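*Asks:* I'd like to ask some things about the structure below.
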């Protein structure tokens, strides 16, 4: 009987030790899990910007896309006026061409995006950079030998027209995709601020 009570005591003690060990392991696991969640929370907060800064950047983005919309509207209006006369430099009259208005479109966009490219979506930025690189490459190649102060010289005009034609023919599909992407993003911004449902 004494042996039975010793075995029962040892079994009870073993059960208590096992219960404590199990509780210890469980609390150790929960502590580890808590440390991981705390680190994730710190990492998430490290990469977040303040609400005020976000609102400021969003306002700048809206302003940027408004400017892009104005440029696209001008481009679309001019495409409907193709072939009509347009005053250039107040002294020379020439017809609008798709090449010229495409060149003007990219020039205007370059002027706006020069310091605000950060506000573009990644997809739009990639498309812009492709067109921008082509723009600079083609035009720099053609402009090296041109005297831009004298576009009344027929040879200079021909070189200028060749540069415009090469740029347009090389990039017309990308320009159209770029415009459609800007319009799509403008639509998404309008939805996000509740202007369109």
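*Asks:* So which of 100, 77 ends up being exposed (fewer than 13 other Cβ atoms within 10 Å of the Cβ) and either touching a helix residue (DSSP H, G or I) at 6+ places or on another chain (Cβ under 9 Å) or at pLDDT 85 or above (or both)? Please lay out each step first, then the result.
*Replies:* On the way: 100 fails: exposed (fewer than 13 other Cβ atoms within 10 Å of the Cβ).
Only one candidate passes the filter, namely 77.
*Asks:* Of the residues 57, 68, which is touching a helix residue (DSSP H, G or I) at 6+ places or on another chain (Cβ under 8 Å), modelled with pLDDT under 90 and within 26 Å of residue 193 (Cα to Cα)?
*Replies:* Just one listed residue meets the conditions, 57.
*Asks:* Let me ask something additional. For the structure I just gave you, tell me whether residue 117 is in the same structural domain as residue 67 (by TED's automatic domain parsing) and more than 15 Å from the chain's Cα centre (by Cα).
*Replies:* Against the criterion (in the same structural domain as residue 67 (by TED's automatic domain parsing) and more than 15 Å from the chain's Cα centre (by Cα)), residue 117 does not qualify.
*Asks:* Please go through the range 138-179 and give me each residue that is at pLDDT 70 or above, over 18 Å from residue 97 (Cβ atoms) and loosely packed, with under 12 Cβ neighbours inside 10 Å, ordered by number.
*Replies:* Selection gives 140, 141, 155.
The values are calculated or read from the model by the stated rules, or taken from the named source; none is laboratory data. None of these values were measured; they are calculated from a predicted model. Neighbour counts run over all protein chains shown; Cβ positions are idealised from the backbone, glycine included.
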